[in-house]
Amino acid sequence: MEHYFRREYGRLVAVLVRHAGLSHLEAVEDAVQDALLSALTAWLADGIPHDPSAWLYRVAHNHLLGVLRKDQRHQRILGGGAGDQGAVDGEDPLPAAFAGEVRDELLRMLFVCCDENIPHESRLVLALKTLCGFSIGEIAFRLFTTEATIYKRLARAREWLRQGEVDTQTPSLETLRSRLSGVHAVIYLLFNEGYLSTRAEHAIRAELCDEAIRLGTLLATHPVGAAPPTFALLALMHLHAARLASRQDAAGGLLLLEEQDRSLWDAEHLYQGATWLARAAQGDVFTRFHAEAGIAAEHCFAPSFADTRWNEIAELHAVLERIDPSPIHTLNRSVAVAEARGPQAGLAVLDGVVPPAWLDGHYLWDAVLADLHHRAGHATTAERHRDRALAAAPSTAVRQLLHRRLTKPTR
């Protein structure tokens, strides 16, 4: 039910915003939330309706209509002209193929959220909050910043929407192309939250991974999205999704890559990942998604953990550092180098690297340093970083995984 409501939330917002306009986004969100709350009560009492999507749409639409009818100017905006007058008069404008329309609406709204008129740092926040249903805390963690910063960015985006500077209609193909990277970023972060969730009760949320793959596949069929970066992103997501079933033990605890049962890896996802990666290789474009998909492929198609080509993975991380500079890529390269040439070589990669404020104190930074120093025999330093990593871990599942990793006997 949670997964269904999350999907319907973004779809309903996308459809109703096109009727009411982005300046009324908050009223739309209130109407959708009211519909979902009504469904919890009504469906428990009367059972799930034959067409639950249509039921939710009608309730949300009528709630929104009631709010906007209080002001005749708002009523005209909702009507949008003669073609939409039925919606203003209370008739049900729901098309027969509602689900198909919503998929298109949601993709279109992703592009709308990446409008150049919205401040750059606010676009991603707006899309993740409004269409993907992320909490402020989830967004802050994914963007390596504070909740206060996310609130400010969201407020800036909504202020632009209230000013009516953003068009909700489908822009030109040229405009869509300029926003494609922003749409990629939203889908990428949606998948990442599913792959390793910040929620304490759910370490893995496969439904978010499925939704990200669905949106990416839909994007790949659009003339604007049918491009190597989209194909590479799809390859990356399929290859990671292939391992989801093996990433938890029977009790729900997270497993290290070397502990995973490779016989559980999903053959169809592996096939789709390899297919999309081959399509992504056509042409002369090489993006971070290409490099990350290449790394995922090295892991997925290695005969075993011990037989993984760590030098190739280290080289791909070095490529990532060049095309998309980030200390996260340097950190990951140090792990691959350590697997290939030992922990001292991994520490040498990080020698002289000063983490920026957004990474200093993040559990990833301290977890890697704790692991490398532990394996190198630097007990005191390893313990200091281990304690910091455990304290900053985003969930119990991650904390338990780190504790097991950082206290296990060295190889």
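Structure notes:
- Residue in segment 395-403 that is within 25 Å of D261 (Cβ to Cβ), among the hydroxyl-bearing types (S, T, Y) and open to solvent by less than 30 Å² (accessible area, probe 1.4 Å) present: yes
- Test: R11 is assigned to a helix (DSSP H, G or I), among the charged types (D, E, K, R), open to solvent by less than 30 Å² (accessible area, probe 1.4 Å) and out of contact with any Pro (no Cβ under 7 Å at 6 or more places or on another chain): yes
- If only residues of segment 217-231 that are aliphatic (A, V, I, L, M) and not in a loop (DSSP other than H, G, I, E, B) are counted, the one that is surrounded by the most Cβ atoms within 10 Å (Cβ to Cβ) is L219.
- Segment 123-144, residues that are in a loop (DSSP other than H, G, I, E, B) and within 16 Å of A185 (Cα to Cα): L131, C132, G133, F134, L143, F144
- Flag if S38 is in contact with a Gly (Cβ under 7 Å, 6 or more places away or on another chain), in a helix (DSSP H, G or I) and among the small types (G, A, S): no
- Boolean, P409 is open to solvent by 50 Å² or more (accessible area, probe 1.4 Å), at pLDDT below 90 and either charged (D, E, K, R) or not in a helix (DSSP H, G or I) (or both): yes
- In segment 170-207, the residues that are buried (at least 22 other Cβ atoms within 10 Å of the Cβ), among the aliphatic types (A, V, I, L, M) and out of contact with any Cys (no Cβ under 8 Å at 6 or more places or on another chain): I187, A203
- Within segment 340-371, the set of residues being outside any helix (DSSP H, G or I), closer than 19 Å to L402 by Cβ and of a type outside the set (A, V, I, L, M) comprises P355, D360, G361, H362.
- Residue in segment 17-28 that is among the hydrophobic types (A, V, I, L, M, F, W, C), surrounded by fewer than 20 Cβ atoms within 10 Å (Cβ to Cβ) and touching a residue at least 12 places away in the same chain (Cβ under 8 Å) present: yes
- Restricting the search to helices (runs of 4 or more DSSP H) fully inside segment 232-339 and requiring at least 2 residues that are farther than 30 Å from D351 by Cα and open to solvent by 10 Å² or more (accessible area, probe 1.4 Å) gives 267-280.
The values are calculated or read from the model by the stated rules, or taken from the named source; none is laboratory data. Nothing here was measured: the structure is a model prediction, and the numbers come from that model. Positions of Cβ are generated from backbone atoms using ideal geometry, with glycine treated the same way; all protein chains shown enter the neighbour counts. Quick note on the areas: whole protein, heavy atoms, side chains included, nothing else; ligands and nucleic acids left out. Shrake-Rupley method; radii C 1.70, N 1.55, O 1.52, S 1.80 Å.
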